[in-house]
Amino acid sequence: MKNTVKSKPKHQGSVPYGFCLDEDRMLVSDPDEQRVIAAARELRLSGISYDQIALQLGLRGFTSRGGWPFVRMQVSRMMTDRS
């Protein structure tokens with residue numbers, strides 16, 4: 001019988017906002033994107049809508065990975081994705 005060691009599975013699919021892939025294709029926290037998520041959560045705790053959060057992130061100079069302003073759906077997803 002072979003002695004095999006199971007390794008962690010490599011990430012497949014899209015990478016959630018707030019994370020990136022390391023050289024082994026494992027998810028690791030992206031500090032810059034985590035700062036955006038923290039700002040969005042802080043704004044949400046103040047009671048404003050996802051639309052307003054997207055606007056405020058833009059006013060603070062934050063953009064999506066593609067360099068575009070955030071939209072409501074992106075804000076919602078970034079705050080609910082738990083990888």
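As a rough guide to protection, the peptides 52-62, 27-37 ranked by mean Cβ packing within 10 Å, highest first, stand as 52-62, 27-37.
At an R0 of 30 angstrom, the distance between the Cβ atoms of LEU59 and SER14 translates into a FRET efficiency of 0.65. Assuming 0.692 mPa s and 37 °C, estimate D for the range 10-83 with Stokes-Einstein, Rh taken as the Kirkwood radius over Cα pairs, in µm²/s. So the translational diffusion coefficient is about 258 µm²/s. First measure r as the distance between the Cβ atoms of TRP68 and GLN34, then evaluate 1/(1 + (r/R0)^6) with R0 = 22 Å and state the FRET efficiency to the nearest 0.05. The pair TRP68/GLN34 has a calculated efficiency of 0.70.
Read-outs throughout are calculated quantities, based only on the coordinates presented, and are distinct from any laboratory measurement. What you see is a predicted model; the values in this text were computed from it and never measured. Note that we place each Cβ from the backbone using ideal geometry, even for glycine, and neighbour counts take in every protein chain shown.
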